[in-house]
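Heads up, the thing below is written out as C-alpha cells.
The values are calculated or read from the model by the stated rules, or taken from the named source; none is laboratory data. All values derive from a computational prediction rather than experimental measurement. Positions of Cβ are generated from backbone atoms using ideal geometry, with glycine treated the same way; all protein chains shown enter the neighbour counts. SASA here: full protein model, heavy atoms, side chains in, ligands and nucleic acids out. Shrake-Rupley method; radii C 1.70, N 1.55, O 1.52, S 1.80 Å.
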Amino acid sequence: MAGAEKKSPLILVVDDDASIRVMVCMFLQEEGFIIAEAENGEAALEVFDQVQPQAVLLDAMMPVMNGFDACRALRKRPAGEHVPVMIITGLDDVDSAQRAYEAGATDFTTKPFNLIMLGYRLRYMLRASQTLNDLQTSLAMIRHQDKMASTSQLSAGVAREINNPLGFIKSNLSTLNTYFCKVLGQPGIQEKVIAEQATDEARDPAAVSGKMHKIDDLLTEGQKLIAASLEGTDQIRRIVDGLKDLARRDVNDREPTDINRCLETTINLVWNGIKNKALIQRDFGELPHLSCYPHQLSQVFGNLLLNAAQAIEKQGEIRIKTWCDGEQIYIAVADTGCGIPADNLKRIFEPFFTTREIGKGAGLGMTISYDIVKNHGGELKVTSEVGKGTTFTLTLPLVVPMRVQSPA
C-alpha cells in the first residue's frame, strides 16, 4: 500500500493436505512471512476477500473447488487481478502446466518440492509483482504530468479565447443595466411615451395605468435578467482566472502560494461535477503562503472534491477547513457521503485499487494524490464511517525537508 509502513508480506497457503499445509506454513513463518490458510479453493476465495494477501500458493487438486478454478475466480476479483499466484500439483506433465498458466497462474511447480527453492521462487514473484506495480505507477505519473502540461497549454488558449467576448458581453450588460436604472428612476417618462403614441381611446386613465403597470413589470423582470446574466459572467470570469492560474504554473516550479486561493480556484474548475450533488461549506483560516507546486496541489484538491461528490448519492455537503499551527498547514475535506468500508479504507492509496465499475476509473487518483503530498514533505490521511461520510486531511509543512525533490 502506498504510504503504509513496510511490513512482511501476507501469503495465503491453500492445500487440502493438512500435513503439507502445516509444513509450508511453518517454513514461511520462519522466513518472516505472515500466513493465512485454507483447505480448498472455495474457502481460499473467502479468506482472500478477508485478508487481501500479497501472494497465493494454490494446490491444484482439491475437493469442492480445485486450484485451477480457484485461480480463475481469483483473477475476476479486482483485488486479485494482479496478485502473484503459484499453483502446486503432483501432476508432472505439460498439460497441467498449461492448465495452470491458462487459469492465470504466475508460476507453477510440482510436488514433491524443495522448501528453500519454494521460498526463493515466492520472493521472486513478490519482487516481480512489486516492480510491475512500480513501473505501472511511474508510467501513470508520466502520463499524468504530460496530460497536465497539455492541460496548461489548452487552459492558456481557452482563457485567451474566452476573455475577449466575455469582456464585450459584460460591458454591454453593464451599460444596458444603467439604461434600465435610468428608465426606472424617471416615473414620468412612461406616461409621456404612452400619451404621445397612444390613440384617443388609449388615453383613457385606466388604459394608461394598465400599460404603465405592464411596462413596470417588464422593466423589473428585465433588470433581474441582467443581474443574473452579470452574475453568470462573473462566474465565467472566475473560471477563466482559474485557467490562467493553471496555465501559468509549471509542474516543476515551486512558488509561494495562498492555499485558500488555490482551493477556491480548484472549486471553480471542478464545480460542474459538484453543483448537482453537494453544497460546499468553507471554514478557511488565516494561512501563511506556502512554498509548493500549486499546480500539483490543485490536482489533489480536485481529486478529493470530486471523490467527495461521487460518494454522495443525492444531496449532501462538502466541508473544507484550513488552519495552521505555526509549523504546518492543514486542509480537511469532509463529505456526508456513503463512507468507505474498513476493508477498502486500508487500501485506499494502493495503485489501481478502485471500487468503481470497470472502465469508470483507473484506481490511480488517490495514489497520485498521496505521492504529490508526500513529495511536499506532507501527509495525507483518511478517516471514514459507513453511512456518515469520509474526511481526508492533508498536512503540509511550512519548511520542506531538503531531501524532498521536484518530481521528474
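Can you tell me which residues in region 292-315 are aliphatic (A, V, I, L, M), surrounded by fewer than 22 Cβ atoms within 10 Å (Cβ to Cβ) and part of a helix (DSSP H, G or I)? I'd like the intermediate steps shown before the answer.
Residues of region 292-315 that are aliphatic (A, V, I, L, M), as a first pass: 297, 300, 304-306, 308-309, 311-312.
Next, only the ones that are surrounded by fewer than 22 Cβ atoms within 10 Å (Cβ to Cβ) stay: 306, 309, 311-312.
Matches in region 292-315: L306, A309, A311.
So which of D335, D325 ends up being acidic (D, E) and open to solvent by less than 60 Å² (accessible area, probe 1.4 Å)? I'd like the intermediate steps shown before the answer.
Numbers: D325 fails: open to solvent by less than 60 Å² (accessible area, probe 1.4 Å).
Exactly one residue qualifies, and that residue is D335.
If we keep just the residues of region 94-116 that are farther than 20 Å from N40 by Cβ and at pLDDT 85 or above, which is least open to solvent (accessible area, probe 1.4 Å)?
Here the answer is D107.
Scan region 68-93 for residues that are touching a Ser or Thr at 6+ places or on another chain (Cβ under 8 Å), open to solvent by 30 Å² or more (accessible area, probe 1.4 Å) and not in a loop (DSSP other than H, G, I, E, B) and report the count.
Number of matching residues: 1.
Out of A60, A55, A70, which single residue is small (G, A, S) and within 30 Å of E379 (Cα to Cα)? It would help to see each step written out before you state the result.
Details: A60 fails: within 30 Å of E379 (Cα to Cα); A70 fails: within 30 Å of E379 (Cα to Cα).
Just a single option satisfies the conditions, and that option is A55.
Pick from L290, L279: which is under 25 Å from L396 (Cα atoms) and touching a strand residue (DSSP E or B) at 6+ places or on another chain (Cβ under 8 Å)? It would help to see each step written out before you state the result.
Values: L279 fails: under 25 Å from L396 (Cα atoms).
The match here is L290.
Test of understanding: among V22, V51, V14, V64, which residue is under 30 Å from the mean Cα position of the chain (by Cα) and of a type in the set (A, V, I, L, M)?
The unique qualifying residue is V51.
Against the definition (open to solvent by 30 Å² or more (accessible area, probe 1.4 Å), outside any helix (DSSP H, G or I), more than 30 Å from K374 (Cα to Cα) and not acidic (D, E)), how does M65 come out, yes or no? Let's see the steps before the verdict.
On the way: open to solvent by 30 Å² or more (accessible area, probe 1.4 Å): yes; outside any helix (DSSP H, G or I): yes; more than 30 Å from K374 (Cα to Cα): yes; not acidic (D, E): yes.
The answer is yes for M65.
Is it fair to say G119 is on the phi > 0 side of the Ramachandran plot and of a type outside the set (D, E, K, R)?
Values: on the phi > 0 side of the Ramachandran plot: no; of a type outside the set (D, E, K, R): yes.
The answer is no for G119.
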